[in-house]
Amino acid sequence: MLELRNVTKRFRGITAVDDVSFSARPGEITGYLGPNGSGKSTTMKMITALLEPSAGKIFFNGQPIETDLPTFKQRMGYVPEEPHLYAHLSGLEYLVMIGQLRDLPQRLTASRIDGLLRLFALHSDRHAPISAYSKGMRQKVLLSAALLHNPDLLLLDEPFSGLDVGTGLVLRSLIQELAARGKVVLFSSHELETVERVCNRVVILHKGRVVADDSIARLRTLMSAPTLEGIFQQLAVEQDTHAVSRQIADLVGA
């Protein structure tokens, strides 16, 4: 189980994540939602140990992650929001490098890489430089790299970015399959319809603080809202979206 206890992150006096506590359990898909600037990606980076919390603790299976970071990182797969890849490498070379960095057995790694490239429809482009890949192709490389070592914890920050409809459907089903096999999945996305279909429960952030942490079904009842979008608008959207849209239309149509 992944657990955050009173986690806070400040940047030069500005609080980006404010006393956040929640847990993500094996076999569940936990949605992590919030408007831009709410602290979602900062939280993800703290869980991956790319950033250190200003206060609070992050635990995995009952142990603080800093107790043994190398072991924790071996058990974690991460798809970041921005695809920072070595553009001069080919997709195949990049995945081979990831396998070597994770010290995976060479024969097993080669077999998994070949299978992932084929299943993500990248095999014919495996020798092309990543600089020539589309955004969706780069996202598939990131997903392959995150899955290569069969992690126990999967952190997905906007994983559907750039994917075509077909691959998006495969990924949605894959996330559910991995959770069914006992993985801990934390999934951050702006695609609320996808979150609603995939996630068992959601944690919603607003201005760095948790404003909801419950199953989607229970939140629908509590908020008297039929959809996750309606719940999100009540809890995390301050502006009147219809009024703003009319003002924009009036402005450009004047």
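The values are calculated or read from the model by the stated rules, or taken from the named source; none is laboratory data. This is a predicted model, so every value here is computed, not measured. Using ideal geometry, Cβ is built from the backbone for each residue, glycine included, and neighbour counts are taken over all protein chains shown.
Select from region 79-96 the residues that are modelled with pLDDT of 95 or more and either within 19 Å of Thr48 (Cβ to Cβ) or hydrophobic (A, V, I, L, M, F, W, C) (or both) and write down the one among them that is surrounded by the fewest Cβ atoms within 10 Å (Cβ to Cβ).
Leu89
Look through Asn61, Asn36 and report the one residue that is on the phi > 0 side of the Ramachandran plot, surrounded by fewer than 18 Cβ atoms within 10 Å (Cβ to Cβ) and among the polar types (S, T, N, Q).
Just one listed residue meets the conditions, Asn61.
Being in contact (Cβ under 8 Å) with a residue 12 or more places away in the chain and aliphatic (A, V, I, L, M) is the filter here; which residues of region 138-169 pass it?
Matches in region 138-169: Val141, Leu142, Leu143, Ala145, Ala146, Leu147, Leu148, Leu153, Leu154, Leu155, Leu156, Leu163.
Suppose we filter Thr48, Thr43 for residues that are within 18 Å of the chain's Cα centre (by Cα), within 16 Å of Leu205 (Cα to Cα) and among the β-branched types (Val, Ile, Thr); which single one remains?
Thr43
Please tell me if Val195 is hydrophobic (A, V, I, L, M, F, W, C), in contact with a strand residue (DSSP E or B) (Cβ under 7 Å, 6 or more places away or on another chain), part of a helix (DSSP H, G or I) and at pLDDT below 90.
Spelling it out, Val195 is indeed hydrophobic (A, V, I, L, M, F, W, C), in contact with a strand residue (DSSP E or B) (Cβ under 7 Å, 6 or more places away or on another chain), part of a helix (DSSP H, G or I) and at pLDDT below 90.
Quick one: how many residues across region 60-98 are within 17 Å of Arg5 (Cβ to Cβ), outside any helix (DSSP H, G or I) and either touching an Asp or Glu at 6+ places or on another chain (Cβ under 6 Å) or among the polar types (S, T, N, Q) (or both)?
2
Output the residues belonging to region 147-162 that are farther than 21 Å from Asp114 by Cβ and either aliphatic (A, V, I, L, M) or not in a strand (DSSP E or B) (or both).
Asp152, Leu153, Leu154, Leu155, Leu156, Glu158, Pro159, Phe160, Ser161, Gly162
Which members of region 97-112 meet the condition of being hydrophobic (A, V, I, L, M, F, W, C) and either exposed (fewer than 14 other Cβ atoms within 10 Å of the Cβ) or closer than 12 Å to Leu142 by Cα (or both)?
Met97, Ile98, Leu101, Leu108, listed by residue number.
Pick out the one residue from Lys57, Lys9 that is in contact with a helix residue (DSSP H, G or I) (Cβ under 7 Å, 6 or more places away or on another chain), part of a strand (DSSP E or B) and basic (Lys, Arg).
Lys9
Select from region 118-146 the residues that are outside any helix (DSSP H, G or I) and not hydroxyl-bearing (Ser, Thr, Tyr) and list them in ascending order.
Phe120, Ala121, Leu122, Arg126, His127, Ala128, Pro129
Test Val141 against the stated conditions and say whether it is within 22 Å of Ile47 (Cα to Cα), in contact with a Gly (Cβ under 9 Å, 6 or more places away or on another chain), at pLDDT 90 or above and β-branched (Val, Ile, Thr).
So Val141 fits the description; yes.
Quick check: is even one residue across region 97-113 under 14 Å from Pro83 (Cβ atoms) and of a type outside the set (Ser, Thr, Tyr)?
Yes, because at least one residue in region 97-113 is under 14 Å from Pro83 (Cβ atoms) and of a type outside the set (Ser, Thr, Tyr).
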